[in-house]
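Asks: The following block contains the structure, expressed as structure tokens.
The values are calculated or read from the model by the stated rules, or taken from the named source; none is laboratory data. Not measured: the values here are computed from a predicted model. Here the Cβ positions follow ideal geometry from the backbone for every residue, glycine too, while neighbour counts run over all protein chains shown. For accessibility, only protein heavy atoms count, side chains too; no ligands or nucleic acids. Shrake-Rupley method; radii C 1.70, N 1.55, O 1.52, S 1.80 Å.
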Amino acid sequence: MTTSAVHCEGLIKRYGPHEALRGLDLEVPKGALFGFLGPNGAGKSTTLRILAGLVRAQGGHASIFGWSVLSHTKATARAAFLIENAIFPAHLTAWQVIRRTARYMGVEPDEAVLARVGMDHARDRRTGGYSHGMKQRLGLACALVGEPDLLVLDEPQNGLDPAGLQMIRSVLREEHERGATVLVSVHRLAEVEGLCTHAGLIVQGRCVRQGTVAHLLGEDTPRFRLRTNDDARAATLLTAFAPEARDDGLRLEGGEARAAEAAAACHAAGLQVFELAPVRRTLDELYLSAVEA
């Protein structure tokens with residue numbers, strides 16, 4: 001039995017001379033809340049559209065719960081998608097949209113999905129008069145119909161006010177706690193760091209980093225900040241510790257014992273140690289280093 005909700009291997013997609021995906025590999029474990037990060041034009045939306053069956057890759061393969069997205073209807077039967085901007089027939093009300101979606105999914109319509117996204121007040125309003133943010137909320141409500149096993153959302157926070165952003169976070173957390181796998185593309189790094197269990201970083205059509213958020217942030221490799229009265233001399237003295245010079249001191253990798261050993265070496269050499277403190281890598285650092293590389 002597959003342990004992956006989503007598996008992509010060697011995906012290639014070209015639009016004329018532009019190569020949107022260049023051998024992309026992606027693994028989303030079952031039950032993960034997976035943040036898909038990347039700059040504009042990196043290939044996030046193309047990847048999600050391939051998973052939804054809206055775009056066909058020219059190379060590689062993609063599967064959902066072990067079923068190929070090209071040859072098995074079962075691949076998308078357990079999944080729900082919100083890809084880019086949600087569009088609805090202008091004459092339909094929110095409740096009519098939910099009812100049609102439920103009928104298509106073969107499940108009973110439930111007004112609770114409108115309440116979950118803060119759209120119960122617009123139940124009987126026609127969607128033609130909706131703002132962009134309201135359409136995003138309704139699109140998310142449609143994706144929640146039938147409690148899918150996999151929820152794929154392409155930047156669902158676009159067009160939402162602060163209350164809407166908080167709603168998105170709540171819904172994603174609830175779906176994850178329910179046991180669903182969530183794959184969400186985002187621009188706001190804080191959304192991933194504070195919410196997701198896993199993340200993948202896509203740059204120029206390739207997924208350059210992926211794994212648990214803790215692993216990506218280096219929490220399995222502790223780092224310490226060391227500040228002395230002469231950091232340049234300390235860096236020379238501590239070459240065996242491979243220090244990284246920063247504006248606010250030196251960065252040392254390793255556990256507490258190794259950090260204490262470095263501080264003791266500085267003190268023995270006559271340096272004054274002003275600070276020895278654990279530091280945590282941020283997703284901003286990871287993101288910028290990957291993009292700049």
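Asks: Computed FRET efficiency, Cβ-Cβ of residue 30 and residue 242, R0 30 Å: what is it to the nearest 0.05?
Replies: 0.20
Asks: Now for a different question. Cα atoms only, the range 96-144: Rg and Dmax in Å?
Replies: Cα radius of gyration and Dmax of the range 96-144 are 10.1, 29 Å respectively.
Asks: Using the C-alpha atoms of the range 43-95, what convex hull volume per residue, in cubic angstrom, is computed?
Replies: 108
Asks: Then there is this: If you roll a 1.4 Å probe over the heavy atoms of the protein chains, what accessible area per residue do you get for the range 136-242, in Å²?
Replies: With all protein chains present, the range 136-242 gives 40 Å² per residue.
Asks: If you don't mind, there's one more thing I want to ask. Identify which of 76, 236, 228 has the largest mean-square fluctuation in a Gaussian network model of the chain, with springs joining Cα atoms closer than 10 Å.
Replies: Evaluated over the chain, the most mobile residue of the options is 236.
Asks: Of all alpha-carbon pairs in the range 156-293, indicate the percentage at a distance above 25 angstrom.
Replies: 45
Asks: Right, here's the next one. When the Kirkwood hydrodynamic radius is evaluated over all pairs of different C-alpha atoms of the range 10-81, what value in angstrom, to one decimal, is obtained?
Replies: Kirkwood radius, the range 10-81: 12.8 Å.
Asks: Per DSSP helix of 4 or more residues, -39500 (n - 2.57); summed, then divided by the residues of the chain. What does that give at 222 nm, rounded to the nearest 500?
Replies: -9500 deg cm²/dmol
Asks: Starting from the Cα of residue 204, move 7 Å in the Cα-to-Cβ direction to define the label point; list residues of the range 15-32 whose amide nitrogen is under 18 Å from there.
Replies: Within reach of a label on residue 204, which here means backbone N under 18 Å from a point 7 Å along Cα→Cβ, the range 15-32 contributes 15, 17-25.
Asks: Still on this structure: Determine the alpha carbon to alpha carbon distance for each of 13/74; 74/135; 44/135 and list only those over 25 Å.
Replies: 74/135
Asks: With a 1.4 Å probe and every protein chain left in place, tell me how much accessible area residue 230 has, in Å² to the nearest 10.
Replies: The accessible area of residue 230 comes to roughly 60 Å².
Asks: For a distance above 28 Å, tell me the whole-number percent of Cα pairs in the range 1-144 that qualify.
Replies: Looking at the range 1-144, the distances longer than 28 Å represent 30 percent of pairs.
Asks: Among DSSP beta bridges lying fully in the range 93-233, give the percent that are antiparallel, nearest 5.
Replies: Here the antiparallel bridges make up roughly 60 percent for the range 93-233.
Asks: If r is the Cβ-Cβ distance from residue 40 to residue 90 and R0 is 30 Å, what FRET efficiency results, to the nearest 0.05?
Replies: Calculated value: 0.55.
Asks: Using only the Cα atoms of the range 67-184, what are the Rg and Dmax in Å?
Replies: Rg, Dmax (Cα atoms, Å): 13.7, 41.
Asks: For the chain, I need the span (max minus min coordinate) of the C-alpha atoms along each principal axis, in Å, sorted largest to smallest.
Replies: That works out to 78, 43, 38 Å along the principal axes.
Asks: Just want to confirm a number: the relative contact order over the range 41-195, from Cα pairs under 8 angstrom separated by 6+ residues, in percent.
Replies: 22 percent.
Asks: Which GluC sites (Glu not before Pro) in the range 211-293 pass both tests, a DSSP loop state and at most 14 other beta-carbon atoms within 10 Å?
Replies: 219
Asks: OK, next. Kirkwood hydrodynamic radius for the range 214-293: how many Å is it when counted over pairs of different Cα atoms?
Replies: About 13.1 Å for the range 214-293.
Asks: Considering only the chain, what is the antiparallel percent among its DSSP beta bridges, to the nearest 5?
Replies: 65
Asks: A further question follows. If R₀ is 51 angstrom, what is the calculated FRET efficiency for the pair residue 147 and residue 281, using the beta carbon separation as r and rounding to 0.05?
Replies: Taking R0 as 51 Å, the efficiency between residue 147 and residue 281 is 0.90.
Asks: Sticking with this structure for a sec: Which one, 28, 184, 55, has the greatest fluctuation when you compute a Gaussian network model over the chain with C-alpha springs under 10 angstrom?
Replies: 55
Asks: Along its three principal axes, how long is the range 191-233 when you only count alpha carbons? Whole Å, largest extent first please.
Replies: 43, 24, 18
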